[in-house]
Amino acid sequence: MNSPHLLLARHGQTTGNVAGVLRGVDSRYDELTAQGHAQAHVLARQIAALRPVSPRLYASSYTRTQQTAAPVAELLGIPVTVLDGIQEIDPGEWRGRPYSDLKAHFADLIGPGDSICFPGGESLRDVANRFEAALQPVLSLPGTPIVVSHGGALISLLIRLLRAPVVESWRSDRFAQTNVQLTELRYGSSGWQLEPSEQPSEQPSELAPGNLNFTS
């Protein structure tokens, strides 16, 4: 483990977030709203304030994460590397359903062996597997990886890295992600641990608490 410090961030706001509809890969080319671009600049300043050692910046193959990463890259003077495997979860047959169904019909997603599964799509375990596999070569390099990804994908990864129960973590919104939320982790003798951190006071007030779990 050459990178014991890991920074994870969700992308900024998109029109899909405002609509509150699950879209999966259909949203690959969605762009940030004006509010999303403002959020991305706030995120860049927040990350810069942490003074990460030898930072390396990664984003998913989706447009919105690359747009979110761009101000970070500019401020830190580093390139953005597109990383396959960290894209948003595929909601399968749930594509087109509102975010609210994730709560109202939560029981329909519970699978065997403490799992959350989307019919015809991916489970949180599937997403954690591909995300973790994508991170392995990243973490083998020195420095601090900064990874800009998606709400559902980040929830899946955090559950895996922190060895948390899947169903209960989802039910409680323990790892719910607002737009441009930054999560800081460090690796030690007991594995990955969350670093206490605060969202910046300048964070735009329009961040919608209803946009916690998934992008669209």
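Residue count for the range 43-84 under the criterion of being in a loop (DSSP other than H, G, I, E, B) and closer than 22 Å to Pro137 by Cβ: the result is 10.
Residues considered: Val42, Val53, Val127. Of these, the only one that is in contact with a strand residue (DSSP E or B) (Cβ under 7 Å, 6 or more places away or on another chain) and modelled with pLDDT of 95 or more is Val53.
Listed here are the residues, each with its yes/no results for (1) of a type in the set (Phe, Trp, Tyr); (2) free of Cβ contacts under 8 Å to residues at least 40 places away in the same chain; (3) over 28 Å from Thr144 (Cα atoms).
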site: Gln35; (1), (2), (3): no, no, no
site: Ile86; (1), (2), (3): no, no, no
site: Ser100; (1), (2), (3): no, no, yes
site: Asp108; (1), (2), (3): no, yes, yes
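Residues that are surrounded by fewer than 19 Cβ atoms within 10 Å (Cβ to Cβ) and touching a Pro at 6+ places or on another chain (Cβ under 7 Å) within the range 46-56 comprise just one, Ser54. Flag set for Leu109, criterion: of a type outside the set (S, T, N, Q), touching a Cys at 6+ places or on another chain (Cβ under 9 Å) and open to solvent by less than 10 Å² (accessible area, probe 1.4 Å). For the range 1-42, residues that are β-branched (Val, Ile, Thr), farther than 19 Å from Arg95 by Cα and in a helix (DSSP H, G or I) total 1.
Restricting attention to the range 161-197, the residues that are in contact with an Asp or Glu (Cβ under 6 Å, 6 or more places away or on another chain) and charged (D, E, K, R) total 3.
Can you pull out the residues in the range 162-191 that are on the phi > 0 side of the Ramachandran plot and either open to solvent by less than 10 Å² (accessible area, probe 1.4 Å) or outside any loop (DSSP other than H, G, I, E, B) (or both)?
Correct list: Val180, Gly191.
Within the range 1-19, being under 23 Å from Val138 (Cα atoms), open to solvent by 20 Å² or more (accessible area, probe 1.4 Å) and aliphatic (A, V, I, L, M) holds for one residue alone: Met1.
The rows are residues; the columns are (1) closer than 20 Å to Arg23 by Cα; (2) in contact with a strand residue (DSSP E or B) (Cβ under 7 Å, 6 or more places away or on another chain); (3) at pLDDT 65 or above.
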site: Asn179; (1), (2), (3): yes, yes, yes
site: Ser189; (1), (2), (3): no, no, yes
site: Ser197; (1), (2), (3): no, yes, no
site: Ser201; (1), (2), (3): no, no, no
site: Ser205; (1), (2), (3): no, no, no
site: Ser216; (1), (2), (3): yes, yes, no
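Filtering the range 20-44 to residues that are open to solvent by 30 Å² or more (accessible area, probe 1.4 Å) and within 11 Å of Tyr62 (Cα to Cα) leaves Val25, Asp26, Arg28, Tyr29, Glu31. Taking every residue in the range 172-192 that is hydroxyl-bearing (Ser, Thr, Tyr) and pairing it with any residue that is modelled with pLDDT of 95 or more, at least 6 positions away or on another chain, the pairs with Cβ-Cβ distances below 6 Å are Thr183/Leu8.
Looking at Leu76, is it open to solvent by less than 70 Å² (accessible area, probe 1.4 Å), at pLDDT 95 or above, touching a Pro at 6+ places or on another chain (Cβ under 8 Å) and under 20 Å from Glu184 (Cβ atoms)? Here the answer is yes, as Leu76 does meet what is asked. For the range 135-153, a tally of residues being open to solvent by less than 10 Å² (accessible area, probe 1.4 Å) and either of a type in the set (Val, Ile, Thr) or more than 16 Å from Val25 (Cα to Cα) (or both) returns 7.
The values are calculated or read from the model by the stated rules, or taken from the named source; none is laboratory data. Here the structure is a predicted model, which means the values were calculated and not measured. Every residue, glycine as well, gets a Cβ built from its backbone with ideal geometry; the counts of neighbours run over all protein chains shown. The area values use the complete protein model at the heavy-atom level, side chains included, leaving out ligands, DNA and RNA. Shrake-Rupley method; radii C 1.70, N 1.55, O 1.52, S 1.80 Å.
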